[in-house]
1. Using R₀ = 35 Å, calculate the FRET efficiency as 1/(1 + (r/R₀)^6) where r is the Cβ-Cβ separation of A:GLU126 and A:VAL21; round to 0.05.
2. At a 1.4 Å probe, what is the % contribution of carbon and sulfur to the accessible area of the protein assembly as shown?
3. Only bridges whose two residues both fall in region B:3-110 count here: according to DSSP, what percent of them are antiparallel, nearest 5?
4. What Kirkwood Rh does the protein assembly as shown have if only Cα atoms enter the pairwise 1/r average? Answer in Å.
5. What is the spin-label model distance, in nm, from A:LEU36 to B:GLU36 if the labels are put 7 Å beyond Cα along the C-beta direction?
6. Taking K and R as +1 and D and E as -1, what net charge do the other residues with C-beta under 13 Å from the C-beta of A:ALA131 add up to?
7. Please give the charge dipole size of region B:3-110, origin at the Cα centre, charges +1 on K and R Cβ atoms and -1 on D and E Cβ atoms. Round to the nearest 20 debye.
8. Just the number, please: buried accessible area between B and A, total of both chains, 1.4 angstrom probe, nearest 100 square angstrom.
Amino acid sequence: MATVELLFSALPEHVRTARLVAAAVARRAGVDEAVLDEVRLAVGEACSRAVGLHVSQEISSPVRVVLTEDEKKFSIEVADDAPHAISVAVATPGSAGTAPAADDAGGDGEDDMGLAVISGLVDDVEVSAGADGGLIRMSWPTTPASATP
Amino acid sequence: MDLSLSTETVGDRTVVRVGGEIDVYTAPKLREQLVELVNDGNYHLVVDMEGVDFLDSTGLGVLVGGLKRVRAHEGSLRLVCNQERILKIFRITGLTKVFPIHTSVEDAVQATD
């Protein structure tokens, strides 16, 4: 099991770095080239959401991204330290059928849309949240034979 | 890559050409541009996304916000996009039903409701 862990200050400019790192590690893990765009987008959405939660709740701790290469899958965990009032679970692939409300001033609408994009993109995704923070887990299948040596 | 923006007037339409990445960091720049155009009385916008390499939900939110603003003035916001990876984001969020999406700027400029 090879793991890359990334901690970054909750600033929007660092989200691109997280996308680039995640895509690089995913490519090396053997995730199909055609899926790398989805990995990039999904991790960007998860990190943007975490940054938004930290900024809005004035949380100084960093956002944590853990990239794990397994035998058959590549997993990404994005964790925030924002306390959530309720727990949610999203495990229905491709279920984002309707467009959630969006607001150009930011806020809950964009947060919901980020989750809608993730659940629409990723077949294996789990969103959990509690008093200690939230966690988005996503994974994609790998083809080890095509992994970069 | 940062965001690049340029505008051009074609008839009664204002074409906004966007290049680079639209994400949580760069989207405010696009929002400012759209707000400024509407405040200056440009209510029929065409956003050319052919030069966009990356778009996330923050960018979608800005485009929806732009649509709300122009509709308040009975205007329109049309998109130009042929890139499958960008179109996919509009499809999975259901926004293909909200935005008219054209294959060329010429097509978008000539389109009527």
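1. Values: r = 21 Å, r/R0 = 0.61.
It comes to 0.95.
2. Details: 6070 of 12050 Å².
With neighbouring chains kept in place, the figure for the protein assembly as shown is 50 percent.
3. Details: 8 of 23 bridges.
Antiparallel bridges: around 35 percent, rounded to the nearest 5.
4. On the way: mean 1/r = 0.0528 Å⁻¹.
Kirkwood hydrodynamic radius for the protein assembly as shown: 19.0 Å.
5. With each label placed 7 Å out from Cα toward Cβ, I get 3.5 nm.
6. Working: positive: none; negative: A:ASP80, A:ASP81, A:ASP132.
My count for the surroundings of A:ALA131 gives -3.
7. Numbers: 12 positive and 15 negative charges, 90 e Å.
So the dipole magnitude of region B:3-110 works out to roughly 440 debye.
8. Values: alone 6020 and 8160 Å², together 12050 Å².
Adding both sides of the contact gives about 2100 Å².
The values are calculated or read from the model by the stated rules, or taken from the named source; none is laboratory data. The structure presented is a predicted model; accordingly, all values stated were derived computationally and were not measured. For neighbour counting, all protein chains shown are included, and Cβ atoms are generated from backbone atoms with ideal geometry for every residue, glycine included. Note: areas computed on protein heavy atoms with side chains; ligands, DNA, RNA excluded. Shrake-Rupley method; radii C 1.70, N 1.55, O 1.52, S 1.80 Å.
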